[in-house]
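Single-structure report; data block below.
The values are calculated or read from the model by the stated rules, or taken from the named source; none is laboratory data. Keep in mind that this is a model prediction, so the values were computed, not measured. Cβ sites come from the backbone with ideal geometry, for glycine too, and all protein chains shown count toward neighbours.
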Amino acid sequence: MIKHIRKISILICLSSILYGCGKIDSAEENTNTSTNELQMVYFTDLGSYRIEDLNKDIQEVNIGNRFNLSLSTIGNDGSILLGNVPRDESEYSIIYLFNVEDGSDIELDRVKATKHFGFAYQDDEMIVYFTYPVWGVSAIPIEYYIYYKDTQQKETMKLSESVEVHKELMIDIRMVRIDDELYFEVQDREPTFKENEDVYDDNGASIYKYNLNTKEISFVTRGMSPRVYKDELIYINNNQVAEIVTMDGEVITDSVIDYYTYDDMIIAVRYVDEICWYVLIKDGEEKVLFTRTYYGRFWSISTNGKYITWQQSAKGLCFYDIEKDSLVQIDPTTGGMTVASEKYLYWTEVLNDPNDKNNSQVTIRYIKFD
């Protein structure tokens, strides 16, 4: 049975690139889950083909010694958020809006290097980022900034003035939008443990929303990791079973440590019998894509409905082709992150300068879809 439930979190480390990681939350046994319905699919047994066989042009753009913010998508207009690497706290953290198509960029903001920037959300109208203080390696948003692409206007969502933000645990930094409201996770209370057990009774996470018209922040529900599924809000509840649920309380699946949605599709990582099951949920059916014994090698999943991408520490950078049920191999010698969005799929390559660690050169390689 289930021994642990791990809630997806993001660790952001400033180096030549931002990296993500997970956090383990222990849980009670889940008697509702049976592995009899799940069939192991070993990663090494999956079919695969080289990325050149996609018959798509692989384009590239050099961004110098800047880096793509962790989980930052490339928007339909080619825009992506970049950051710099301050040498010390006397310098500034700077965030740029960069266009991969023409190489143009805009400096959106800068703060003293005691704070860093993170990516939260992007669509055709806006891009949302946040600042967080350097509390070790945890990215806990305290202020959000909404940049409107057409008008080039920026507004500040002062989370810390509306909610008491706790920083004991890491959170899911990905934000979603439904109509004129943005939904996001906040740790708004101190986590509590079960008596005499190393198990969270309440991890302190809630979901809030920001109304783009009234500029008001309001509480939605206790829970984690808001996503949009079939145009409705879903989330992971706070109980020990870690269920994906709708606002009406319908349970979609359980034992979830990470998930991502696209239209009527859910890509989820379930932790059952000490195995990570990467599954696709659609039309009420759950299909096992592959299984892993260690979540820390593949995390921060995303999808554009055709391909599933992730960040990986394992060598052999790749992503998953849903239609062909196969891996798409990029580079057998490295790990890293691939990120899928509606019109783009990209990854980065870093060339380190052996004489100057602050002079790494980063290249974004990407494929554009019609």
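Scanning the range 210-232 for residues that are touching a strand residue (DSSP E or B) at 6+ places or on another chain (Cβ under 6 Å) and over 21 Å from Glu164 (Cα atoms) yields a count of 3. Among the residues of the range 135-173, the ones that are without any contact (Cβ under 8 Å) to a residue 40 or more places away in the chain, surrounded by 15 or more Cβ atoms within 10 Å (Cβ to Cβ), under 15 Å from Ser93 (Cβ atoms) and not hydroxyl-bearing (Ser, Thr, Tyr) come to 2 in all. In a strand (DSSP E or B) and either within 20 Å of Lys287 (Cα to Cα) or without any contact (Cβ under 8 Å) to a residue 40 or more places away in the chain (or both), is that true of Ile308? Yes; evaluated as a whole, the condition is true for this residue.
Tell me the residue from Glu323, Glu342 that is surrounded by fewer than 20 Cβ atoms within 10 Å (Cβ to Cβ) and without any contact (Cβ under 8 Å) to a residue 60 or more places away in the chain, please. Before you say what the answer is, go through the steps one by one.
Values: Glu342 fails: without any contact (Cβ under 8 Å) to a residue 60 or more places away in the chain.
Being surrounded by fewer than 20 Cβ atoms within 10 Å (Cβ to Cβ) and without any contact (Cβ under 8 Å) to a residue 60 or more places away in the chain holds for just one of Glu323, Glu342, which is Glu323.
The number of residues in the range 211-243 being surrounded by fewer than 19 Cβ atoms within 10 Å (Cβ to Cβ), of a type in the set (Ser, Thr, Tyr) and part of a strand (DSSP E or B) comes to 2.
From the list Leu327, Leu280, Leu351, pick out the single residue that is over 19 Å from Asn68 (Cα atoms), of a type outside the set (D, E, K, R) and more than 18 Å from the chain's Cα centre (by Cα). Before you say what the answer is, go through the steps one by one.
Details: Leu280 fails: more than 18 Å from the chain's Cα centre (by Cα); Leu351 fails: over 19 Å from Asn68 (Cα atoms).
Only one candidate passes the filter, namely Leu327.
Here Gly249 passes the criteria (1) assigned to a loop (DSSP other than H, G, I, E, B); (2) touching a residue at least 24 places away in the same chain (Cβ under 8 Å); (3) of a type outside the set (Ser, Thr, Tyr) except the one numbered (2).
How about the range 150-193: which strands (runs of 3 or more DSSP E) wholly inside it have at least 1 residues that are farther than 14 Å from Ile140 by Cα, among the acidic types (Asp, Glu) and in contact with a Leu (Cβ under 8 Å, 6 or more places away or on another chain)? Walk me through it before giving the result.
On the way: elements: 153-157, 176-178, 181-187.
Of the strands (runs of 3 or more DSSP E) lying wholly inside the range 150-193, those with at least 1 residues that are farther than 14 Å from Ile140 by Cα, among the acidic types (Asp, Glu) and in contact with a Leu (Cβ under 8 Å, 6 or more places away or on another chain) span 181-187.
Identify the residue in the range 257-296 that is out of contact with any Leu (no Cβ under 9 Å at 6 or more places or on another chain) and either without any contact (Cβ under 8 Å) to a residue 24 or more places away in the chain or among the small types (Gly, Ala, Ser) (or both) and, among all such residues, is surrounded by the most Cβ atoms within 10 Å (Cβ to Cβ). Outline the logic, then answer.
Pass one, the range 257-296, residues out of contact with any Leu (no Cβ under 9 Å at 6 or more places or on another chain): 257-264, 269, 271, 274, 276, 281-285, 292-296.
This time we only want the ones that are either without any contact (Cβ under 8 Å) to a residue 24 or more places away in the chain or among the small types (Gly, Ala, Ser) (or both), so: 276, 282-285, 293-294, 296.
Values: Cys276: 23, Lys282: 15, Asp283: 6, Gly284: 6, Glu285: 8, Thr293: 9, Tyr294: 11, Gly296: 14.
The extreme case among them is Cys276.
Find the residue count for the range 83-112, including only residues that are modelled with pLDDT of 85 or more and touching a strand residue (DSSP E or B) at 6+ places or on another chain (Cβ under 7 Å).
Our first condition is that a residue be modelled with pLDDT of 85 or more; within the range 83-112, this holds for 83-84, 91-112.
With the extra rule that they be touching a strand residue (DSSP E or B) at 6+ places or on another chain (Cβ under 7 Å), the set shrinks to 83-84, 92-100, 103, 105-112.
Counting residues in the range 83-112 that are modelled with pLDDT of 85 or more and touching a strand residue (DSSP E or B) at 6+ places or on another chain (Cβ under 7 Å) gives 20.
The lone criterion from (1) surrounded by fewer than 19 Cβ atoms within 10 Å (Cβ to Cβ); (2) among the polar types (S, T, N, Q); (3) farther than 15 Å from Ile51 by Cα left unmet by Thr334 is number (3).
Just one of the listed residues (Ile236, Ile257, Ile252) is out of contact with any Gly (no Cβ under 9 Å at 6 or more places or on another chain) and β-branched (Val, Ile, Thr), namely Ile252. The set of residues in the range 70-82 that are at pLDDT 95 or above and either surrounded by 18 or more Cβ atoms within 10 Å (Cβ to Cβ) or not in a loop (DSSP other than H, G, I, E, B) (or both) comprises Ser72, Thr73, Ile74, Gly75, Gly78, Ser79, Ile80, Leu81, Leu82. When the range 123-138 is filtered for residues that are modelled with pLDDT of 80 or more and outside any strand (DSSP E or B), the ones remaining, listed by number, are Asp123, Asp124, Glu125.
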